[in-house]
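Asker: Attaching a single structure in structure tokens format; questions to follow.
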Amino acid sequence: MALALVSPSGDRRFVLPEGTTLVLGRDTTSDLPILDPGVSRRHAELRADGPVIALQDMSSRNGTWLNGQRVGRSQARVGDLISFGPVELAVVEEAAPRAPITAPFALDGAATMVRERAMRSQAEAVEAVAGKRLAQLVSVAQRLGGLARLEVLLSRIVDDAFEAFDADRVAILLVPEGSAPGAELEMRVARDRSGGRLAQSIPRTIANTVAERQVSWLFHDATRDSRVAGESIVAQAVRSALAAPLIGEGRRTLGVLYVDNLRDVNAFNEADLDFLVAYAGIAAAAMEREQSVERLREATRVRENFERYFTPQLAGRIASQQGNVVLGGDRRRVVVLFSDIRGFTEVAESLPPDQMAAQLNEYFAAMVECVFRHNGALDKFIGDALMAYWGAPVSAGDDADRAIRAALDMQSELAKLNARWTAQGRSALHAGIGINSGDAFVGNIGSPRRLEYTLIGDNVNLANRLCSLARGGDVLISDAVRLMMTDPLPLRARPELVPARHQGPPVQVFSVEREMSHQLAATGMYGTPHMAPPGAGQGTTIRPAIKRPASDT
């Protein structure tokens with residue numbers, strides 16, 4: 001029976017020959033190499049004897065563990081879990097290879113000899129053909145391919161470089177993503193052999209030249225090399241150094257992988273340079289893959305954020321636009337809606353906090369759905385108030401009609417919520433809504449660290465003041481909104497309502513007659529331009545489609 005050690009993910013598999021003592025450790029010359037910082041260079045000895053594996057810890061820093069218990073000397077069997085520091089391997093039975101076929105046989109009359117050979121493990125097969133360094137590259141490629149975050153990936157690349165070279169310092173410099181050609185390299189990871197961050201930057205002359213020319217460099221004594229022997233290299237006492245560009249698809253430079261030795265000249269040789277070039281190629285492929293995943297992840301996050309404020313169709317359109325989001329904006333004609341719960345403070349004070357929050361969340365969820373149903377955009381929640389708008393970043397042409405229909409929908413949905421809440425013994429809520437139209441600043445406000453796409457201007461404030469005049473159940477609109485309507489609706493002039501602190505000409509206020517609007521919708525008369533509903537001439541006004549210039553507010 002042959003035994004093997006296999007990692008849970010299956011990326012590591014070591015077959016243990018019967019009766020052979022093997023050394024497992026972080027050192028690349030180990031019989032069973034595991035390039036993990038938590039594994040000691042010579043961590044443990046293993047020997048397969050029949051159905052058991054004899055274990056001997058070699059005074060490792062993080063210990064050898066058998067089924068969760070730290071051991072010095074012990075025996076493991078099939079099904080046991082052995083941990084070498086943080087690396088866990090399971091003992092499994094390796095299927096015995098089939099006996100080789102030694103007799104020839106013919107295929108279609110041809111004298112073709114077929115021999116069957118038991119396959120070694122991948123690591124053993126690669127090492128037998130090309131030696132330990134290629135085996136190490138294959139192992140690196142397998143492990144880098146399984147890492148899911150760029151920062152973790154970069155850290156692992158540095159760890160592996162320390163394992164592969166007699167280095168005092170290792171650094172990765174990257175071209176900032178989205179930057180113009182020739183942009184300055186950005187230090188992303190830089191550590192010394194002790195694991196500490198570098199107090200000094202690595203020589204920029206080397207890194208910049210390697211990145212710009214896309215060449216790899218080997219220096220036996222950088223302080224004596226006329227190409228790079230500047231003040232920083234002399235000051236840092238850089239002796240031997242290796243550097244290779246990280247090149248992605250289309251020969252695009254992603255960055256530079258840098259390794260140096262501050263103690264010895266001739267610390268690296270041509271074989272080391274070849275290895276670094278191959279290693280940089282593997283690392284660049286893994287980095288480019290992860291950067292693509294990060295971009296996809298970021299695009300998904302951006303779209304999800306947009307969908308919190310815009311309809312899914314509009315969110316997709318905005319998220320697909322090229323370029324970074326920047327500060328600033330422009331003036332646009334918009335329709336702004338404010339909705340506010342009347343007397344909510346008293347209701348909130350009568351409820352436990354969790355019940356108050358639950359009811360408010362339920363209310364907002366229904367209201368936002370009404371806004372989105374009529375292709376509006378959510379700007380923000382302000383306490384128990386809600387602000388929405390139409391016309392930005394794109395106008396649908398009938399923004400006023402959509403805003404009014406959304407307001408009527410909101411009042412209808414609130415009536416349904418109140419019926420259910422009352423039946424449950426909960427407090428009913430009543431909201432007033434105000435709608436205004438006009439020019440406003442629309443764009444990103446804030447700082448580069450936190451931007452908010454919002455609307456600013458007196459026309460926005462006027463919508464808020466109309467909302468403050470509205471009683472529970474009211475939908476109040478300004479004359480500017482009335483003149484933008486393309487579908488007729490029953491309106492009633494409200495000359496007694498005067499918005500406070502409004503700077504400008506007097507504002508005519510109208511209330512949308514909700515009951516009559518619902519009657520029109522139910523009878524199919526809603527949207528017929530010149531048909532007056534019952535009661536016309538008795539305080540109710542129907543306005544057909546009226547087109548005004550965009551500057552008329």
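The values are calculated or read from the model by the stated rules, or taken from the named source; none is laboratory data. Predicted model only: the values in this text are computed from it and were never measured. FYI the Cβ positions are ideal-geometry reconstructions off the backbone, even for glycines, and counts take in every protein chain you see. Accessible surface areas use protein heavy atoms only, side chains included; no ligands, DNA or RNA. Shrake-Rupley method; radii C 1.70, N 1.55, O 1.52, S 1.80 Å.
Asker: How large is ³J(HN,Hα), in whole Hz, for each residue of region 466-477 in order, when computed from phi with the Karplus curve 6.51 cos²θ - 1.76 cosθ + 1.60 and θ = phi - 60°, using x for Gly and Pro?
Answerer: 4, 4, 5, 7, 6, 7, x, x, 6, 10, 9, 10
Asker: Moving on. If you average the sequence gap of Cα pairs under 8 Å that are 6 or more apart and divide by the length of region 324-449, what percent do you get for the contact order?
Answerer: Normalised by residue count, the contact order of region 324-449 is 47 percent.
Asker: I would also like to ask the following. Give the carbon-plus-sulfur fraction of the accessible surface of region 1-80 in %, rounded to a whole number; probe 1.4 Å, heavy atoms of protein chains only.
Answerer: 47
Asker: Quick check on packing: order 473-486, 424-437 by the mean number of other C-beta atoms within 10 Å, highest mean leading.
Answerer: 473-486, 424-437
Asker: Now for a separate question. Just order 459-472, 347-360, 49-62 by mean Cβ neighbour count inside 10 Å, highest at the front, would you?
Answerer: The densest-packed peptide leads the list: 459-472, 49-62, 347-360.
Asker: Follow-up. If you add up the charges near VAL78, with Lys and Arg at +1 and Asp and Glu at -1, over every other residue whose beta carbon is less than 15 angstrom from its beta carbon, what do you get?
Answerer: Taking every Cβ under 15 Å from that of VAL78, the sum is -3.
Asker: Hey, another quick one. Could you size up the charge dipole of region 353-494 around its Cα centre, putting +1 on the beta carbon of Lys and Arg and -1 on that of Asp and Glu, and report it in debye to the nearest 20?
Answerer: It comes to approximately 280 debye.
Asker: When the Cα centres of region 449-501 and region 1-63 are compared, how far apart do they sit, in Å?
Answerer: Distance between centres, Cα-based: 75 Å.
Asker: Okay, moving on. For region 341-350, take each phi angle, set θ = phi - 60°, evaluate the Karplus expression 6.51 cos²θ - 1.76 cosθ + 1.60, and give the result in whole Hz per residue in order, putting x for glycine and proline.
Answerer: Once θ is set to phi - 60°, the couplings for region 341-350 become 7, 7, x, 5, 4, 5, 5, 5, 5, 8 Hz.
Asker: For ASP31, what residues show an amide H to amide H distance below 5 Å, using hydrogens built from the backbone and excluding near sequence neighbours?
Answerer: Amide H to amide H, under 5 Å and 5 or more residues apart or across chains, ASP31 pairs with VAL23.
Asker: When the Karplus curve 6.51 cos²θ - 1.76 cosθ + 1.60 is applied with θ = phi - 60°, which whole-Hz ³J(HN,Hα) does each residue of region 272-279 get, with x for Gly and Pro?
Answerer: For region 272-279, the Karplus-derived couplings read 5, 5, 4, 5, 4, 4, 5, 5 Hz, x marking Gly and Pro.
Asker: While we're here: What whole-number value in Å² describes the accessible area per residue of region 347-421 for a 1.4 Å probe?
Answerer: On a per-residue basis, 38 Å².
Asker: Amide H neighbours of VAL189 under 5 Å, counting only residues 5+ apart in sequence or on other chains, H built in-plane at 1.01 Å?
Answerer: ILE172
Asker: Can you list residues from other chains, or at least 5 along the same chain, whose modelled amide H is less than 5 Å from the amide H of SER40?
Answerer: Here ARG26, ARG61, ASN62 satisfy the definition.
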